[in-house]
1. Test of understanding: in a Gaussian network model of chain A with alpha carbons linked when under 10 Å, which of A:I112, A:I139, A:I89 would top the mean-square fluctuation ranking?
2. Taking 8 Å as the Cα distance limit and 6 or more residues as the minimum spacing, I'd like the relative contact order of the stretch B:1-140 as a percentage.
3. Relative contact order, percent, of the stretch A:2-191 when contacts are C-alpha pairs under 8 Å separated by at least 6 residues?
4. Given 0.36 nm per residue, what is the gain on full extension from A:Y126 to A:I191 after removing their alpha carbon distance, in nm?
5. What are the ³J(HN,Hα) couplings of the stretch B:47-54, residue after residue, when phi is run through the Karplus curve with 6.51, -1.76, 1.60 and θ = phi - 60°? Round to Hz, x for glycine and proline.
6. Just for chain A, what percent of DSSP beta bridges are antiparallel, to the closest 5?
7. Give me the percent of the accessible area of the protein assembly as shown that comes from carbon and sulfur atoms, probe 1.4 Å, all protein chains in place.
8. Dipole magnitude of the stretch A:2-191 about its Cα centre, charges +1 at Lys/Arg Cβ and -1 at Asp/Glu Cβ only, in debye to the nearest 20?
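The values are calculated or read from the model by the stated rules, or taken from the named source; none is laboratory data. All values reported here derive from a predicted model rather than from experimental measurement. All Cβ positions, glycine included, derive from the backbone under ideal geometry; neighbour counts span all protein chains shown. Surface areas here come from the heavy atoms of the whole protein model, side chains and all, with no ligands, DNA or RNA. Shrake-Rupley method; radii C 1.70, N 1.55, O 1.52, S 1.80 Å.
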Amino acid sequence: MKIGVLALQGAFREHRNMVEACGHEVIEVRKPVELDQIQGLIIPGGESTTITKLMREFQLEQAIVSRAEVGMPIYGTCAGLIVLAKDIIGSSQPSLNLMDISVQRNAFGRQIDSFECELAIPVLGYKPFAAVFIRAPLIERVAPNVGILAQYDSKIVFARQGNFLASSFHPELTNDKRIHQYFIQMVEEAINK
Amino acid sequence: MVEKGSWTVKKGLAEMLKGGVIMDVTTPEQAKIAEEAGACAVMALERVPSDIRAAGGVARMADPTIIQRIMEVVTIPVMAKARIGHFVEAQILEALGADYIDESEVLTPADDLYHINKNDFKVPFVCGAKNLGEALRRIGEGAAMIRTKGEPGTGNVVEAVRHMRTVMGEIRRLQNLPKEELMTAAKNMAAPYDLVLYVAENGKLPVVNFAAGGIATPADAALMMQLGVDGVFVGSGIFKSNNPAARAKAIVAATTHYNDPKILAEVSRDLGEAMPGIEISSLAPEQRMQERGW
């Protein structure tokens, strides 16, 4: 099994390290041909406007959507969450249009308001998750078919819809592998289906 | 428990900028062009380095209005420069909400002995370095991101290349030293011992390292990426060229696809004139901005 990490811009190296620490091979994805080798894709944090423009310029947008439509699991962190969303509030910025969520960009303010906290994520067990929020987005609204996996201050920061997983925060900046393991399990289930 | 301005959060924003291009801009219009071209952040300035060089005199922090107007029109992070050692300019930039502060040799130093104690701030800092000792001193003071100094405003990449090769060479050397030699190595490079130990063990800086100072073409950006930097600052190189929008977009693509010569050839086409360059040896010693920093 190979997991792709979209390597156009952002913290792709950290995701690579996490997936490798979980014992799986990683392919860095910069061109459509690299998508053919993978069974799951992580869209990292970075700048969503930069990542979206590069996806479009190098014909990755439609290629990713085509794989997503036939069930390839995708996990987006921070900018990756924005890229997955169908609705980006107050913005005409394009996206992959895959998850039925409304996202507010830079929802906590500027860098000075970036923070870390202990987050309860019931699906991962009792132990809280050290969540790092950097100029982070929030999920303001979800459709009924979207599962809410975690909230911070009554706001949605972690959600799943079928083969899509999205978090406002950055598990790749911690040593806690549980979210990556959860995603890898999604990929394994998709392969065995 | 919620913690703002922690080391993880400061360093984390730099991690998110990796593989990207940070562009110098002086107006909201330029900031929009940069964002539209795919910049991962902009540096808000009153003048780009080549104009600072031409104007001479004392270069200071930009007018807060310029920085604020740029923050209003883009959604990407906005950085701003403070003079070396001028901690009040840094306090002002933090109060304005700048996302990153560059304690920069491009501006005229305000202190000829000491840098800002960057650990005092919640906003993260980036600092220039031309060798490993200088990089580790800045990190010791709290810088959460490092960049090569290069020679700003020259459009000549040679100094950035030299600084990057120097840092990488010194890292490789530390990795090969037996542990008992590391304290003397720390003394000789005037760097904190704990950071020297970190580099010797991990073979890299503890923070993100970008290229800056003289990058003018997509090939320059890819050259620096192949030499091992995490991303690129482009100062005068974009808005002093004759087609800024096309050049900016090409440099962004070249930074992503730095290892793919076919794509580099494609994006390097038809960009018009690059900024006029300056031969480093023609600069008088007092015009060399890279010598600022202690």
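1. Greatest mean-square fluctuation among the candidates belongs to A:I112.
2. Relative contact order comes out at 21 percent.
3. 19 percent
4. 20.6 nm
5. 9, 6, x, 5, 6, 4, 4, 5
6. DSSP beta bridges in chain A are roughly 50 percent antiparallel.
7. Working: 9180 of 18710 Å².
Here it works out to 49 percent.
8. Values: 18 positive and 21 negative charges, 43 e Å.
That gives the stretch A:2-191 a dipole magnitude of about 200 debye.
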